[in-house]
Amino acid sequence: QVQLVESGGGLVQAGGSLRLSCAASGRTFSRYPMGWFRQAPGKEREFVTAISWSGDSTDYADSVKGRFTISRDGAKNTVYLRMNSLKPEDTAVYYCAAGRSRATLSRSGYDYWGQGTQVTVSS
(Lines give C-alpha, C1' and ligand atoms only; values in the text may rest on other atoms or scores of the structure.)
Protein backbone atom coordinates (compact mmCIF):
# COMPACT_ATOMS: atom_id res chain seq x y z
CA GLN A 1 0.00 0.00 0.00
CA VAL A 2 1.27 3.45 -0.93
CA GLN A 3 -0.15 6.73 0.30
CA LEU A 4 0.56 9.91 -1.62
CA VAL A 5 0.21 13.53 -0.54
CA GLU A 6 0.69 16.38 -3.02
CA SER A 7 1.61 19.94 -2.17
CA GLY A 8 2.89 23.08 -3.83
CA GLY A 9 -0.08 24.12 -5.93
CA GLY A 10 -1.32 27.68 -6.08
CA LEU A 11 -2.06 30.70 -8.20
CA VAL A 12 0.61 31.96 -10.58
CA GLN A 13 0.73 34.35 -13.51
CA ALA A 14 1.34 33.12 -17.02
CA GLY A 15 5.04 32.65 -17.60
CA GLY A 16 5.66 31.87 -13.97
CA SER A 17 6.88 28.70 -12.26
CA LEU A 18 5.75 26.29 -9.58
CA ARG A 19 7.17 23.14 -8.05
CA LEU A 20 4.81 20.42 -6.94
CA SER A 21 5.84 17.79 -4.43
CA CYS A 22 4.41 14.36 -3.79
CA ALA A 23 5.38 12.67 -0.55
CA ALA A 24 4.96 8.90 -0.51
CA SER A 25 4.62 6.62 2.47
CA GLY A 26 6.16 3.19 2.69
CA ARG A 27 9.66 1.79 2.56
CA THR A 28 9.42 0.54 -1.00
CA PHE A 29 8.96 3.90 -2.70
CA SER A 30 12.00 3.30 -4.88
CA ARG A 31 10.30 0.32 -6.56
CA TYR A 32 7.41 2.31 -8.00
CA PRO A 33 7.23 4.24 -11.24
CA MET A 34 5.65 7.61 -10.46
CA GLY A 35 3.49 9.84 -12.57
CA TRP A 36 1.73 13.18 -12.62
CA PHE A 37 -1.68 13.63 -14.14
CA ARG A 38 -4.02 16.60 -14.32
CA GLN A 39 -7.69 17.28 -14.73
CA ALA A 40 -9.10 20.59 -15.87
CA PRO A 41 -12.75 21.55 -15.25
CA GLY A 42 -15.04 19.73 -17.64
CA LYS A 43 -12.23 17.62 -19.07
CA GLU A 44 -10.97 14.11 -18.54
CA ARG A 45 -7.87 13.45 -16.52
CA GLU A 46 -4.77 13.43 -18.70
CA PHE A 47 -1.22 12.18 -18.43
CA VAL A 48 1.43 14.82 -17.80
CA THR A 49 4.69 13.04 -17.05
CA ALA A 50 6.18 9.93 -15.47
CA ILE A 51 9.49 8.70 -14.13
CA SER A 52 10.70 5.12 -13.91
CA TRP A 53 11.20 3.39 -10.61
CA SER A 54 14.97 3.59 -11.14
CA GLY A 55 14.78 7.26 -12.04
CA ASP A 56 16.71 6.85 -15.28
CA SER A 57 13.78 7.21 -17.67
CA THR A 58 11.13 9.86 -18.06
CA ASP A 59 8.17 10.51 -20.34
CA TYR A 60 6.35 13.76 -21.04
CA ALA A 61 3.14 14.73 -22.75
CA ASP A 62 3.82 16.87 -25.80
CA SER A 63 1.95 19.77 -24.23
CA VAL A 64 4.47 20.08 -21.39
CA LYS A 65 7.67 18.86 -22.99
CA GLY A 66 10.47 21.37 -22.51
CA ARG A 67 8.59 23.23 -19.78
CA PHE A 68 8.01 20.61 -17.06
CA THR A 69 10.55 18.40 -15.33
CA ILE A 70 9.86 15.37 -13.16
CA SER A 71 12.37 14.10 -10.62
CA ARG A 72 12.47 11.87 -7.57
CA ASP A 73 14.39 11.76 -4.33
CA GLY A 74 14.55 8.29 -2.82
CA ALA A 75 15.96 9.51 0.47
CA LYS A 76 12.93 11.75 0.94
CA ASN A 77 10.36 9.39 -0.64
CA THR A 78 9.29 12.33 -2.76
CA VAL A 79 8.65 13.00 -6.42
CA TYR A 80 8.69 16.52 -7.80
CA LEU A 81 7.19 18.32 -10.75
CA ARG A 82 8.93 21.51 -11.74
CA MET A 83 6.71 23.60 -13.99
CA ASN A 84 8.17 26.53 -15.89
CA SER A 85 6.67 28.91 -18.47
CA LEU A 86 3.21 28.15 -17.21
CA LYS A 87 0.24 28.86 -19.44
CA PRO A 88 -3.44 29.39 -18.60
CA GLU A 89 -4.19 26.03 -20.23
CA ASP A 90 -2.05 24.37 -17.54
CA THR A 91 -4.75 25.24 -15.01
CA ALA A 92 -5.98 21.99 -13.46
CA VAL A 93 -5.94 19.78 -10.41
CA TYR A 94 -2.66 17.91 -10.48
CA TYR A 95 -2.51 14.36 -9.18
CA CYS A 96 0.47 12.26 -8.21
CA ALA A 97 0.24 8.53 -8.87
CA ALA A 98 2.28 5.41 -8.19
CA GLY A 99 2.42 2.48 -10.55
CA ARG A 100 2.95 -1.19 -9.82
CA SER A 101 6.15 -2.33 -8.18
CA ARG A 102 9.03 -2.43 -10.69
CA ALA A 103 6.68 -1.93 -13.62
CA THR A 104 8.03 -0.44 -16.83
CA LEU A 105 7.43 3.23 -17.50
CA SER A 106 3.91 3.74 -18.77
CA ARG A 107 1.16 6.32 -19.18
CA SER A 108 -1.38 3.96 -17.64
CA GLY A 109 -1.65 1.30 -14.96
CA TYR A 110 -1.28 3.52 -11.93
CA ASP A 111 -2.79 2.00 -8.81
CA TYR A 112 -2.28 4.63 -6.11
CA TRP A 113 -3.40 8.25 -6.26
CA GLY A 114 -3.03 11.37 -4.18
CA GLN A 115 -5.85 13.77 -3.39
CA GLY A 116 -4.65 16.37 -5.88
CA THR A 117 -3.41 19.93 -5.68
CA GLN A 118 -4.89 22.89 -7.56
CA VAL A 119 -2.76 24.85 -10.00
CA THR A 120 -4.27 28.02 -11.43
CA VAL A 121 -2.46 30.08 -14.06
CA SER A 122 -3.82 33.55 -14.70
CA SER A 123 -3.39 35.34 -18.01
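The values are calculated or read from the model by the stated rules, or taken from the named source; none is laboratory data. If you're wondering where the values come from, they're calculated on a predicted model, not measured in any experiment. We place every Cβ from the backbone using ideal geometry, glycine too, and count neighbours over all the protein chains shown. Accessible surface areas use protein heavy atoms only, side chains included; no ligands, DNA or RNA. Shrake-Rupley method; radii C 1.70, N 1.55, O 1.52, S 1.80 Å.
Please tell me if K87 is modelled with pLDDT of 95 or more, among the charged types (D, E, K, R) and closer than 20 Å to S17 by Cα. It is true that K87 is modelled with pLDDT of 95 or more, among the charged types (D, E, K, R) and closer than 20 Å to S17 by Cα.
Among all residues of the stretch 13-24, there is at least one that is within 14 Å of L81 (Cβ to Cβ) and assigned to a loop (DSSP other than H, G, I, E, B).
Taking the stretch 76-97 on its own, how many of its residues are small (G, A, S), part of a strand (DSSP E or B) and over 10 Å from the mean Cα position of the chain (by Cα)?
In the first step, residues of the stretch 76-97 are kept if they are small (G, A, S); the result is 85, 92, 97.
Right, trim to part of a strand (DSSP E or B) and you get 92, 97.
Next cut, over 10 Å from the mean Cα position of the chain (by Cα) only: 92.
Result for the stretch 76-97: 1.
Filtered by the rule that a residue be surrounded by 13 or more Cβ atoms within 10 Å (Cβ to Cβ), over 22 Å from V2 (Cβ atoms) and of a type in the set (S, T, N, Q), the stretch 69-123 gives T69, N84, S85, T91, T120. Close Cβ contacts (under 7 Å, 6 or more residues apart or on different chains) running from residues in the stretch 26-39 that are over 14 Å from Y110 (Cβ atoms) to residues that are at pLDDT below 90 and open to solvent by less than 30 Å² (accessible area, probe 1.4 Å) comprise G26/V2.
Listed here are the residues, each with its yes/no results for (1) open to solvent by less than 50 Å² (accessible area, probe 1.4 Å); (2) outside any loop (DSSP other than H, G, I, E, B).
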site	(1), (2)
S30	no, yes
R38	yes, yes
F47	yes, yes
D56	no, no
V64	yes, no
